Every structure is written in structure tokens, then in C-alpha cells.
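Engineer: Quick one: the structure is below, questions incoming.
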Amino acid sequence: MKPIYLDLPDLANAIALGESTIKRMVREGELPKPRQLSGRRVAWLVREIEEWAEGRPVSNLLPPPNTGSRARAGDT
């Protein structure tokens, strides 16, 4: 069974955006708002994120070579 909800770290990983970018996009109405799961816990409904992702425009540009590359322990 696939997950129904994604918390912020899982959402960031799923859509390849940083947590601060996600928070900004939610504030600006560019990304669906999270759902209240309990008194102190929120998460995003996977179905809404999938719909958002499918509605994103197609790009003719390739990402620059350094996009998404992070230094890993032991890499030189």
C-alpha cells in the first residue's frame, strides 16, 4: 500500500525541493497546504501532491550540471 500522507522531509525528498522552498511555496499558494493529522502533526495528502506534480509545466531546459549535487562523506 502506498502512503496516504507525506511529512515535510518525505515530501521534500519526493518532489526534489528543499524544505524551506516547500514552506515558501505553501505560503505563496504555489503548493497544496498540508492537512491536520492531529493536534500537532501535519502532512501532505499524496493524491494532492501527485495532482500538483502532474499540473507542472513541461520544461525544454535541462537542469544545470550542479543541480541537486551534494557533497557526500568520503567524496572528493
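Engineer: Could you tell me the largest-minus-smallest coordinate of the C-alpha atoms of the chain on each of the three principal axes, in descending order and whole angstroms?
Structural biologist: Result, largest extent first: 44, 34, 30 Å.
Engineer: Continuing with this model, one more query. Which loop GluC sites (Glu not before Pro) in the stretch 1-59, with loop taken from DSSP, have no more than 16 other Cβ atoms within 10 angstrom of their Cβ?
Structural biologist: Sites meeting the loop and neighbour criteria: E28, E30.
Engineer: Could I ask something else about it? Once label points are set 7 Å from the Cα along Cα→Cβ at both E54 and D7, what is their separation, rounded to one decimal in nm?
Structural biologist: 2.8 nm
Engineer: With labels modelled as points extended 7 Å from the Cα through the Cβ direction, what inter-label distance (nm, one decimal) is found for A16 paired with L61?
Structural biologist: With each label placed 7 Å out from Cα toward Cβ, I get 1.4 nm.
Quick note: the coordinates plus some simple rules give every number you see, no bench work behind them. Everything numeric in this text was worked out from a predicted model, so none of it was measured. All Cβ positions, even for glycine, are placed from backbone atoms using ideal geometry, and neighbour counts span all protein chains on display.
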